[in-house]
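Notes follow once the structure below has been shown.
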Amino acid sequence: MIPKDFAKYTRQLMGDTLYSILENGLTQEPPVSVRLNPFKAHDGLDGCERVPWCEWGYWLKDRPAFTFDPLLHAGLYYVQEAASMFVTEAVRQCIERGIISSEPILAADICAAPGGKSTALRSTLPKDSLLFSNEPIKPRASVLKENMVKFGHPDVIVTNNFPRDYKKTGLKFDLVVADVPCSGEGMFRKDVGAIEGWSVQNVEKCRLLQRSIIEDIWPCLKPGGSLIYSTCTFNAHEDEENVQWIADTLGAEIISLDIPEEWNITGPLVGSVPCCRFIPGRTRGEGLFMAVLRKNGTGKNDKTMTARGKGCIKKKSSDFDKWLVGDFSIVETNGCLRAIPSRWLHIYNIVAKTLRVIHAGVELGTRKGKDVIPDTSLALSTALNKSAFPQAEIGFAQAVNYLRKEAVTLPTDSPRGFTIVTYHQQPLGFVKNIGQRANNLYPQEWKIKSTHVPSSASSLPWRATVR
């Protein structure tokens, strides 16, 4: 049941015609969409309609049992509603128009869990850019880490901090994405809890929290840098009014994006703030609001982008060169080894001292006696040298067993020691083959908990064999 106060306000905001479209849209079945990982999935999907504002987005004809698709866990795609994919179009246009540099940049997604916008951002940013994915709430940060590890791109640092903590780093970002906590009106169709939790008081609470978050992170955005502000709500208090407040109070220009009419994206409902609003029933997706702002001033070269940090505990790269493809520096903390892209080692050195880093680069493994137990992050990384470890291809039933952290049976000719298990030639993680059995090294916290297992794979309609 839609809250009466919401209906009254939103009808006044949208007008009778648009509100009736929304009201009807909220009764419709939510469309199912996925976004492919361009660093792992090199082919598209057959018989699926493309999402026009995202190069890698597809609408599916029905909803498969995603939990039991090993290729989801391998990071080949991410289940994301289509409106949220629009961040890729916003970034693409800004790069094309020179608002965001086409050279490597420093970017931050400050309210990033569960990872949909971060994985979309990492797909779109200029090559060799570094993305910080941050989530303040610890359990949500763990989910964010899992999704970023599965995505597999090494130019990512995941942190569990409040946005204000970033001021301690001294870093200046070229791009900040703030998908701020909101009253959740855009999720009414998918989440009954969003309806039950809605109130006029909560809208006001969210409006103030959103301003606080932007104020906290604003000093970390360099002059001339870009802010992408988004919510999953409809009301103007959290949307247009906050964007105008950012522009007037903090000092920014609001950027207008070029939107094809056939996408059915709605513009401002109050004033003339350039913005994009997705309304279920009119646009194919859930509710979303997005605006792009450019901070006043002219950006200068930030010394943190070029200065080399000191003090990192660094192993000889040659010790682990064979495990990776690319230029990495190895840092070790309390027996845990990370491979950091060498071009960003100085940045890592700064944030390792000032932020709670829960993932960075490629987590190589953990020392245990004379051995290093390889980490699942290594198996899932696009920087993995696939010839560094033996691989064992397994079928659907064994893959699900592996993802449930149960025993798996490898082919009899599999070599002993650490082995990468693959499904359709895509790495899932490590086992340690000791002959009669293989010890499953999949993370306990990631395992599939459902006791039901389908008899056959429920996969996407890949255009060609996944490679």
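Values quoted throughout were computed directly from the atomic coordinates according to the rules given, and no laboratory measurement underlies them. None of these values were measured; they are calculated from a predicted model. Don't worry about glycine lacking a Cβ; one is built from the backbone with ideal geometry, like all the others, and counts go over all protein chains shown.
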Highest-first arrangement of 354-364, 187-197, where packing means the average Cβ count within 10 Å
354-364, 187-197
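Which of the three applies to region 116-257, rounded, prolate or oblate, going by the alpha-carbon gyration tensor with a ≥ b ≥ c and a/c under 1.5 meaning rounded? Could the numbers behind the result be given before it?
Working: a/c = 1.72, a/b = 1.19, b/c = 1.45.
Oblate shape, in that a/c is at least 1.5 and b/c is the bigger or equal ratio.
Rounded to the nearest 500, what is the 222 nm mean residue ellipticity of the chain from helices alone, with -39500 (n - 2.57) per DSSP H run of 4+ residues and division by all residues?
The helix contribution divided over the chain gives -7000 deg cm²/dmol.
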With both bridge residues required to lie in the chain, what share of the DSSP beta bridges run antiparallel, to the nearest 5%?
70 percent
One would report the Cα pair-distance distribution of region 330-376, bin width 10 Å, in %, as 27, 53, 19, 1
Report the full-extension gain for the segment ASN385 to HIS42: residue separation times 0.36 nm, less the Cα-Cα distance, to one decimal in nm.
121.7 nm
Please state the charge dipole magnitude for region 4-295, taken about the Cα centre, from unit charges on C-beta atoms (+1 on K and R, -1 on D and E), reported in debye and rounded to the nearest 20.
640 debye
Hey, with R₀ at 22 Å, roughly what FRET efficiency would PHE66 and GLN425 work out to, going by the Cβ-Cβ distance, to 0.05?
0.60
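With r defined as the distance between the Cβ atoms of VAL270 and LYS190 and R0 fixed at 25 Å, what FRET efficiency is calculated, to the nearest 0.05?
Calculated transfer efficiency: 0.45.
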Potential extension, CYS336-LYS432 segment - 0.36 nm per residue separation minus Cα distance:
32.7 nm
Trypsin sites (Lys or Arg not before Pro) within region 66-151, DSSP loop, no more than 14 other Cβ atoms inside 10 Å:
ARG97, LYS127
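Loop only per DSSP, at most 15 neighbouring Cβ atoms within 10 Å: give me the trypsin sites (Lys or Arg not before Pro) in region 375-462, ordered by residue number.
When the trypsin sites (Lys or Arg not before Pro) of region 375-462 are filtered for loop state and at most 15 Cβ neighbours within 10 Å, LYS386, ARG416, ARG437, LYS447, LYS449 remain.
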Out of residues 5 or more away from ILE100 or on other chains, whose amide H comes under 5 Å of its own, with H placed 1.01 Å from N in the peptide plane?
ILE95
Other-chain or far-sequence residues with amide H under 5 Å of LEU364's (modelled H)
LEU337, ARG338, ALA339
What share of Cα pairs, in percent, lie more than 33 angstrom apart in the chain?
39 percent
Does anything in region 434-448 have its amide N under 14 Å from the 7 Å Cα→Cβ label point of LYS370, and if so which residues?
none
Under a 5 Å amide H to amide H cut-off, with H placed in plane at 1.01 Å, what residues pair with LEU45 once short-range neighbours are removed?
ARG463
Considering only ASN202, LEU144, CYS275, whose Cα is most displaced toward the positive end of the charge dipole of the chain, charges sitting on Cβ of Lys, Arg (+1) and Asp, Glu (-1)?
LEU144
Using every alpha carbon pair in region 368-449, what percent of pairs falls into each 10 Å bin from 0 up to the bin containing the largest distance?
19, 57, 24, 1
Length gained when the stretch SER256-GLN28 is fully extended (0.36 nm per residue, less Cα-Cα span):
79.0 nm
Quick one: in region 82-198, what % of C-alpha pairs are over 19 Å apart?
49 percent
